[in-house]
Amino acid sequence: MTGLSKSVNDTAIDIKITNNSVAGEEEGEPFIIVNPTDSNNIVLSYMHFGGTSSLVFPVYYSANGGQSWNLSSFDTEQIFDLDSTGLVIAGGGDPIFAFDSNGRLYFSWIYLGVNVLNADSKFIVYWAWSDDNGATFQLSEGEKRHILLGEINLLTYEMGLNGDGIFDRPWFDIDRSGGPFDGSLYCSGLFIPNDSTPLDGNGMICKYKRANVDSFAYVNTVVSNAINVQFGNLRVDGSGNVHVTYVNLDNNKLYHRMSSDGGVSFGTINEVAVLSYDYNNQNYLVHTRENPVPSLTINRLTNSLHIVWTSFENDMTRSYYSNSTDFGANWTTPQSVSDIIVQADKQVFMPTLAVNESGHLSISGHVLDSLDRGTYFVVESLDEGATFGEAIIVASDTTFYGDYPLQQQAFFGDYENSDKSGCKTYSIWSDGRYGEGPKIYVSITDHCADWLGLEDVFPVSDQIQLQSVYPNPVKDYLDVQLNLKNNTSLSIKLVNTNGQLIKEIYQSDDALGMMNLHLNIGHLLETGYFLMIIETELGVITKSLIKI
């Protein structure tokens, strides 16, 4: 390990999802997932505040590993309008996904709708599914489309009697074990009941929907009845056991519990670690949404559990990693993520974990210096967290979080996640570079590439699509087929592994439509690895090339 490095100097290897640069329009709480039955199918969503809508959850999907993206036709705001006549959207969030063993995709999100006359509001947790890789979604009829629904008055904070209560920060996973509960969809979260509900719990709960059933069961399984619990994660292991982790804010401890009966009951409470977090008097580093934000993942081959979390210590933010090989009964001594990436003098902020089908583990997260300048990294372990390789900076620029007032409800770090498939880590996060406020960025890191850090990166947009690059490996002539939906300037450059420009091989001030380019690059390159950078006003594409 040699510390954080960036193999492509000054070359963008992350992609901003939208062209949104308006400081008052915030993008946050992103989620990305890869279809376990088809690694070319990637889906993501996030929340978007401001603009023409108060809050929407756009869904983008790719059928070719992220080379091109399409915007789903699914309109979450339209669903809310059908459900909530007379209410206006006052908030919400928490978009999450899960795939089952057959490639069915499940989606959940939250809307808070308010009656402006009396401040009464509905708090609705929705769910839907897609059988076409995220292009369209279906919903059950009526209240079956709700995981939970509750009422609260936003002036008095008194709970209403309609529905059952508030259900916050849900987290999904699906049983893909082939066992007796195969296909069950589980959802953990914080439940705050009203006075009329027959449902159990006042704290962390788990809900479930069995396979081939069109609604979640009208039952809560209690994970913790401690009222001040939050930040739940849920994962299902390769044997069908359901694991939930959460933080008790009264004693600042991270806990784990497991269910071996399909979420009907949970066993022994296991302590994972002690952390530092004062939610009543927090010395915030960047913004007021900072929290321990644990991220749990499971190697389904060995059923080992892995978790990272953030702890706030002496006005510093520290993040830690631990694992368990006995179904969560015992956990390893927490290891500082700063030590893992060999940056002990830096602060690691709200990291996430992902594991692939071979058990390879990745940590993705923000790293900040003493001046609160942040960037984003990915690091991988091939041996269940015993050792980690070299950390790669995947952000193309830094964010100066000092630009943002501490009281701002900025969505930096909160609810982010990552996923893995094969050699690649798919990271999604929010940062505020250039003072634009929270905006979503994505990076796809190929850990198997001989030129570690040179990645194929494609914009999450249907305005620019790279149809093909052939042949690759290339000897002399390279055929590039590119589809541009709007007029744009176009520049194609070749860059070496040190990030140095070799040559601009194509340029146009007015490019549009399907472009078939036949480019002679044989005389420009020696044998080896290179990047082709396609720059347009619609987005930037980074494509790795091998010259033979």
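The values are calculated or read from the model by the stated rules, or taken from the named source; none is laboratory data. Small disclaimer: the values here were computed from a predicted structure and weren't measured. For neighbour counting, all protein chains shown are included, and Cβ atoms are generated from backbone atoms with ideal geometry for every residue, glycine included.
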(request) Might you let me know whether the stretch 188-197 holds any residue that is farther than 22 Å from Asp94 by Cα and crowded, with 17+ Cβ neighbours inside 10 Å? (result) yes
(request) Filter the stretch 237-255 down to residues that are touching a Lys or Arg at 6+ places or on another chain (Cβ under 7 Å) and more than 18 Å from Tyr321 (Cβ to Cβ) and give me whichever is surrounded by the most Cβ atoms within 10 Å (Cβ to Cβ). (result) Val244
(message) When you check Asp462 against the structure, is it within 30 Å of Tyr415 (Cβ to Cβ), buried (at least 16 other Cβ atoms within 10 Å of the Cβ) and at pLDDT below 85, yes or no?
(response) no
(request) Of all residues in the stretch 484-509, count the ones that are under 22 Å from Ser68 (Cβ atoms) and touching a residue at least 60 places away in the same chain (Cβ under 8 Å). (result) 1
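Rundown of residues vs (1) closer than 16 Å to Asn35 by Cα; (2) touching a Pro at 6+ places or on another chain (Cβ under 8 Å); (3) in the same structural domain as Asp120 (by TED's automatic domain parsing), yes/no style:
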| position | (1), (2), (3) |
| --- | --- |
| Ser54 | no, no, yes |
| Phe57 | no, yes, yes |
| Ala63 | yes, no, yes |
| Gly66 | yes, no, yes |
| Leu71 | no, yes, yes |
| Glu77 | no, no, yes |
| Phe80 | no, no, yes |
| Ile89 | no, no, yes |
| Phe97 | yes, no, yes |
(message) Just to verify a result, which residue in the stretch 408-442, among those that are buried (at least 21 other Cβ atoms within 10 Å of the Cβ) and hydrophobic (A, V, I, L, M, F, W, C), is modelled with the lowest pLDDT?
(response) Ala410
(request) Take the stretch 386-395 and flag every residue that is surrounded by 22 or more Cβ atoms within 10 Å (Cβ to Cβ) and over 17 Å from Gly413 (Cα atoms). (result) Phe388, Ala391, Ile392
(request) Please name all residue pairs, on different chains or six or more residues apart, with Cβ atoms under 8 Å, provided the first residue is in the stretch 423-439 and is outside the structural domain of Asn64 (by TED's automatic domain parsing) and the second residue is in a strand (DSSP E or B). (result) none
(message) Restricting to the stretch 111-156, and then to whatever is of a type in the set (A, V, I, L, M, F, W, C) and assigned to a loop (DSSP other than H, G, I, E, B), can you tell me which residue is farthest from Thr37 (Cα to Cα)?
(response) Leu117
(request) Give the stretch 466-483 a look and list any residue that's assigned to a strand (DSSP E or B) and surrounded by fewer than 19 Cβ atoms within 10 Å (Cβ to Cβ), or say none. (result) Gln467, Ser468, Tyr470, Tyr477, Asp479, Gln481, Asn483
(request) Can you confirm whether the stretch 287-295 contains a residue that is crowded, with 18+ Cβ neighbours inside 10 Å, in a strand (DSSP E or B) and in contact (Cβ under 8 Å) with a residue 24 or more places away in the chain? (result) yes
(message) Within the stretch 504-532, take every residue that is within 26 Å of Ser443 (Cα to Cα) and modelled with pLDDT under 90 and give me the one that is surrounded by the fewest Cβ atoms within 10 Å (Cβ to Cβ).
(response) Gly528
